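The values are calculated or read from the model by the stated rules, or taken from the named source; none is laboratory data. Keep in mind that what you see is a predicted model, and the values were worked out from it rather than measured. Here the Cβ positions follow ideal geometry from the backbone for every residue, glycine too, while neighbour counts run over all protein chains shown. Areas reflect the complete protein model, heavy atoms only, side chains present, ligands, DNA and RNA absent. Shrake-Rupley method; radii C 1.70, N 1.55, O 1.52, S 1.80 Å.
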Amino acid sequence: MSQGRSPIYEPGLEELLEKNLAAERIAFTTELKEAVRGSDVVFIAVGTPERDDGSADLRAAMSVVHQIAEVAERYTVVVNQEHRSGGHRGPHAGGDRGAGRVEIDVVSNPEFLKEGAAIDDFLRPDRIVIGSPSERARGIMSELYAPFVRTEGPIYFMDPRSAELTKYAANAMLASRISFMNDVAMLCERVGADVDSVRKAMGADERIGQKFLFPGCGYGGSCFPRTSRR
């Protein structure tokens, strides 16, 4: 990453990375302590693999939260973009020098990025969801996201569990629309109807809309399969 090469492919990502490295607006480190001590807001971006029962394995995410709390030297907002953040607030031991205890606010901030359009979705979001009971944390998150919502979607503030459920509900709804249209397409084949005509006429209803009404190979990605089953 420090060389301007991304380990994942996303359209426009390497160009954005190179631009911000050259402008010294972004830096990378493998030292957690170094990153946390210089930050007011820390985003957790670790894997949450699916367990055999369909639930998310949150051990890595929760481990990172505890590690952050151990090295933080001042008030810090920890942002979890996965599920079951806990949304807690309270003092945690912080610093190697026994400087007392610092306060950590854990905020739930689910992401709604589409693979292949993640950069555009992030820069021009249709909404931001923030789950936290802390007014201080809400204020910091508002300031952080202000440049991205000046003329676009709103910020929705709520409790952490509602924020997490918003992610599940949105994914389940989108997965349901895709699955439903595939069923409609199969029915059209059986009765000799034109699924494209049916889709367009359905989508003309403002309660339904045109998006995610295309039949195809079904839904996929890292989030839809696991969240739509819960």
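Which residues, counting only those in the stretch 156-182, are of a type in the set (A, V, I, L, M), open to solvent by less than 40 Å² (accessible area, probe 1.4 Å) and either within 14 Å of the chain's Cα centre (by Cα) or over 19 Å from N109 (Cα atoms) (or both)?
Scanning the stretch 156-182 gives A163, A170, A175, I178, M181.
Between residues in the stretch 50-73 that are in a loop (DSSP other than H, G, I, E, B) and residues that are aliphatic (A, V, I, L, M) and modelled with pLDDT of 85 or more, which pairs lie under 9 Å by C-beta distance while being six or more apart or on different chains?
If the second residue must be aliphatic (A, V, I, L, M) and modelled with pLDDT of 85 or more, the pairs left are A72/V36; A72/V42; A72/V78; A72/I104; E73/V36.
Being among the β-branched types (V, I, T) and not in a helix (DSSP H, G or I) is the filter; apply it to the stretch 1-40 and report the residue that is farthest from L123 (Cα to Cα).
T30
Give the stretch 1-46 a look and list any residue that's small (G, A, S) and over 26 Å from G131 (Cα atoms), or say none.
S2, G4, S6, G12, A22, A23, A27
Could you list, ordered by first residue, the pairs with Cβ atoms under 6 Å in which the first is in the stretch 3-22 and free of Cβ contacts under 8 Å to residues at least 24 places away in the same chain and the second is assigned to a helix (DSSP H, G or I) and not aliphatic (A, V, I, L, M), at least 6 apart or interchain?
Taking only residues 6 or more apart or on different chains, the pairs are G4/E18; S6/E14.
Could you please find all residues in the stretch 81-111 being of a type in the set (A, V, I, L, M, F, W, C) and modelled with pLDDT of 90 or more?
Within the stretch 81-111, I104, V106, V107 qualify.
Across the stretch 27-51, which residue is surrounded by the most Cβ atoms within 10 Å (Cβ to Cβ) among those that are over 16 Å from V71 (Cβ atoms) and charged (D, E, K, R)?
For the stretch 27-51, the residue satisfying everything is E50.
Looking at (1) over 15 Å from the mean Cα position of the chain (by Cα); (2) open to solvent by 40 Å² or more (accessible area, probe 1.4 Å); (3) at pLDDT 95 or above, which is the only condition A137 fails?
Tallying (1) over 15 Å from the mean Cα position of the chain (by Cα); (2) open to solvent by 40 Å² or more (accessible area, probe 1.4 Å); (3) at pLDDT 95 or above, A137 fails exactly one: (2).
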